Amino acid sequence: MPQTLLALLDERLRSATQLAFGADVELPAPLVLPTRDPKHGDYSCAAALSLAKALKQPPMAIAERLAAMAGLEDLCEPPVVTPPGFVNFRLRREWLAVRVAEGDLVAAPTPTPEIAVVDYSSPNLAKEMHVGHLRSTIIGDSLANVLAALGHQVHRVNHVGDWGAQFGMLLAHLEEIRSGENLGIRDVEAFYREANERDKSDEAFHELARRRVVELQAGDVAARAAWAELVDLTKRSNQVVYDALGVGGLEDVGESFYQPMLDEVVADLEHQGLCVEDQGAKVAFVDGFTNRDGDPLPLIIQNRHGGYGYAVTDLAALRYRAVELGAKQVLYVVDAGQSQHLQMVFSVARKAGWIAPGVTVRHVAFGLVLGEDGKRLRTRSGDNVKLAELLGEAVDRARQFVVNRAEERSEAPPDDLDEVARVIGVGAVKYADLSQNRQSNYVFSFDRMLSLKGNTAPYLQYAYARIRSILREAAKGQPPVDLAVALDDDAELALAKTLVATADAVARVFDEDEPNHLCAHLYEVAQVFSRFYEACPVLRSDEPTRSSRLALCDATAGVLRDGLALLGIDVLERL
RNA sequence: GCCCUCGUAGCUCAGCGGAUAGAGCACCGCCCUCCGGAGGCGGUGGCGCAGGUUCGAGUCCUGCCGAGGGCGCCA
């Protein structure tokens, strides 16, 4: 698909408008939008209303002129002008039929592929991944999928927390228990806690930890080797979670990677006068940020002990991405609590000239995961919920769901029950997150996300499986007589219109960094299909209707499968 | 105290400055005994409050109220 439908309509109408009213008229963007009420057609243009003042003409006259010049005869029925100045378009059945038969409905490649960095997931090493990493990982993965599908070159960067003062105590602790037994993956969390407690209570230990940090930063071979061991250990622990999630393709480029660049980054800032001495520390002041006393709030570049904080690492990372990787888009899929910090980092990087004017750097912020009590999701003891456990419960519940369902239908559960349970359970978790507005907090509920009713992953997965079942059944009988699609019934027409709008939903995910628009669209696809299925017999109908309807089923299945894939959700041939 | 985000139906949420604000769950009615019942059709019910901008505001701006988060040397 060379272009989304909206882009095509917009482009045609834009040039028509400029032909009619001159190239210098200011046109609203977008020029065309889907209508909310089908009685107004499929798409409409309200430009006449906003042009009325500038052109000093009545909106209806402008609308008439626009309708006459639209130049959309191949796509649409003759446009209809309605008061106070809308131009309404209805897609032609013939065009829709051809378009659906062509396939390739999910993504329209961008004419200008760019290098993009999506920074997401970002676990802290020496700790197990917990629910705080869930949204970043899921949303980041989906946005990266969408960017890639549009033809951009995507770096999926895992900015792992693998550096910092805490590694001193971890190394010291590692030495002490080295004599004991080797570390198991499950011990990572306990290991961190133990080290932390000793660091607080034991002065000699604390001193040792401090020495180890210095050695590590100086590149001491032994310290470095022990550090690498810890890094490797926790990466293996995290890999279990990524495998369960079905999230791959991440490049680990952690904080340690940028350490060799920090001196240069700070020197550059100082050279440009962006960094000043304040209360013994080196800081960068950023316009518009104040602390609780109303004084200017600095970004701490170097603390009073001469150490670099994470702000410098973030600056170095951004500089590296924009300057070395040549990224034209840098997305930070990071919780909303980091908003102020990131805005400050972006601002300093811009001032330093590391971000060229055409480069966009965006904080894709998201809210908290809440329990059903409306409070931050935590275990009873107040700890963060481990991701491995959360996913485990989702899969267990999904398995139970599948088993129960098979029982109700007096069938044997599927042979690949574990895989089915994983696909459903993990899909439910992902979809529940992605289908909501990422800015707000969201309430985590296994019962809701695993329901077969409503806007859930299992609903969509079931819709897919059922369509595949029809197609399998069809394959046993007569081969299709004709690959053409006919859209005689209103339900067929409605389905075709929805399918053809898919690439626009995906485009919108890209434009706004909001996967929920694709979720809403896929749900609509499933609903419209349901109406079609109710109204239009497929296998029982006569040729050539049967073949045409099978083609619609096939196109719908393809849209569901590929759309869910962009969300990082798998489908199953059978549930 | 300042900054950010959010506030839409009983509940969970959509809603790209455009026409009569939409789904799902729950509740009420009707229809379908189907190609795998995710049923289909209809009904009840809502934009926190007050101003402003605009031909047009749930959407933009200001103030207030409420919830959450953040606010100098941890990351």
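Translational diffusion coefficient of segment A:253-340 at 37 °C, 0.692 mPa s, Stokes-Einstein with Kirkwood Rh over Cα pairs, in µm²/s as a whole number. Don't skip to the end; give the middle numbers.
Numbers: Rh = 14.2 Å.
Estimated diffusion coefficient is 232 µm²/s.
Calculate the radius of gyration of the Cα atoms of segment A:443-536 to one decimal place, then report Dmax, the largest Cα-Cα distance, as a whole number, both in Å.
In order Rg, Dmax, the Cα atoms of segment A:443-536 give 15.7, 50 Å.
Where the eigenvalues come from the Cα gyration tensor of segment A:327-390, what are the semi-axes √(5λ) of the equivalent ellipsoid, largest first, in whole Å?
Equivalent ellipsoid of segment A:327-390: 34, 12, 9 Å, largest first.
If you place +1 on the Cβ of every Lys and Arg and -1 on the Cβ of every Asp and Glu, how big does the dipole about the Cα centre of segment A:1-106 come out, in debye to the nearest 20?
Using Cβ point charges on Lys, Arg, Asp and Glu, segment A:1-106 gives about 360 debye.
Among residues other than residue A:38 whose Cβ falls under 14 Å from its Cβ, what is the net charge (Lys/Arg +1, Asp/Glu -1)?
Net of charged neighbours comes to 0.
Report, please, the projected area of segment A:332-434 averaged over directions, based on the convex hull of its C-alpha atoms, in nm². Numbers along the way, then the final one.
Numbers: hull surface 41.7 nm².
So the Cα hull casts an average projection of 10.4 nm².
Hey, which aspartates and glutamates would be in cross-link range of residue A:39, C-alpha to C-alpha under 15 Å, not counting anything within fewer than 8 residues on its own chain?
A:77, A:490
What is the packing order of peptides A:316-324, A:212-220, taking the mean over residues of other C-beta atoms within 10 Å and listing the highest first?
Order by mean packing, descending: A:316-324, A:212-220.
Antiparallel DSSP bridges in segment A:5-91: what percent, to the nearest 5? Display every interim value, and only then the final one.
On the way: 9 of 9 bridges.
Of the beta bridges lying entirely in segment A:5-91, close to 100 percent run antiparallel.
Arrange the peptides A:558-565, A:425-432, A:77-84 so that the one whose residues have, on average, the most other Cβ atoms within 10 Å appears first.
Per-residue Cβ counts within 10 Å, averaged per peptide and sorted highest first, yield A:425-432, A:558-565, A:77-84.
How much of the DSSP bridge set in chain A is antiparallel, in percent, rounded to the nearest 5?
DSSP beta bridges in chain A are roughly 50 percent antiparallel.
Rounded to whole Å, give me the distance from the Cα center of segment A:447-494 to that of segment A:532-557.
First find each Cα centre; the distance between them is then 9 Å.
Calculate, axis by axis, the spread of Cα positions in segment A:73-131 along the three principal axes, and write the results as whole Å, longest axis first.
Principal-axis extents of segment A:73-131 (Cα, largest first): 65, 35, 25 Å.
Taking a threshold of 29 Å on the Cα-Cα distance, which of the pairs A:453/A:497; A:351/A:375; A:235/A:430 fall above it?
Too far apart for the 29 Å limit: A:351/A:375.
When the Kirkwood radius is taken over all Cα pairs of segment A:5-91, what Stokes-Einstein diffusion coefficient follows at 37 °C and 0.692 mPa s, in µm²/s?
Result for D is 262 µm²/s.
Between segment A:21-71 and segment A:270-344, what's the alpha-carbon centroid distance in Å?
The distance from the Cα centre of segment A:21-71 to that of segment A:270-344 comes to 45 Å.
Once amide H atoms are placed 1.01 Å from N in the peptide plane, what residues at a sequence separation of 5 or more from residue A:162, or on another chain, have their amide H within under 5 Å of its amide H?
Counting only residues 5 or more places away or on other chains, the set is A:125, A:255, A:256.
Which value, in debye to the nearest 20, describes the size of the charge dipole of segment A:457-566 about its Cα centre when Lys and Arg Cβ atoms bear +1, Asp and Glu Cβ atoms bear -1, and nothing else is charged?
560 debye
How would you classify chain A from its alpha-carbon gyration tensor, with a ≥ b ≥ c the square roots of the eigenvalues: rounded for a/c under 1.5, else prolate if a/b is greater than b/c, otherwise oblate?
oblate
Let me know the charge dipole size of segment A:264-358 about its Cα centre in debye, to the nearest 20, where only the beta-carbon of Lys, Arg (+1) and Asp, Glu (-1) is charged.
On the way: 8 positive and 11 negative charges, 52 e Å.
Here segment A:264-358 has a charge dipole of around 260 debye.
Could you tell me what % of all Cα pairs in segment A:166-252 have separations over 23 Å? Write out the running numbers ahead of the final one.
Values: 1066 of 3741 pairs.
Roughly 28 percent, rounded to a whole number.
Show me the ranking of peptides A:396-404, A:131-139 by mean Cβ neighbours inside 10 Å, starting with the highest. Before the final figure, lay out each step's value.
Values: A:396-404: 17.1, A:131-139: 23.3.
The packing order, highest mean first, is A:131-139, A:396-404.
Read-outs: derived from the displayed coordinates by stated rules, not from any lab. Values in this document were obtained by computation on a predicted structure and should not be read as measured data. All Cβ positions, glycine included, derive from the backbone under ideal geometry; neighbour counts span all protein chains shown.
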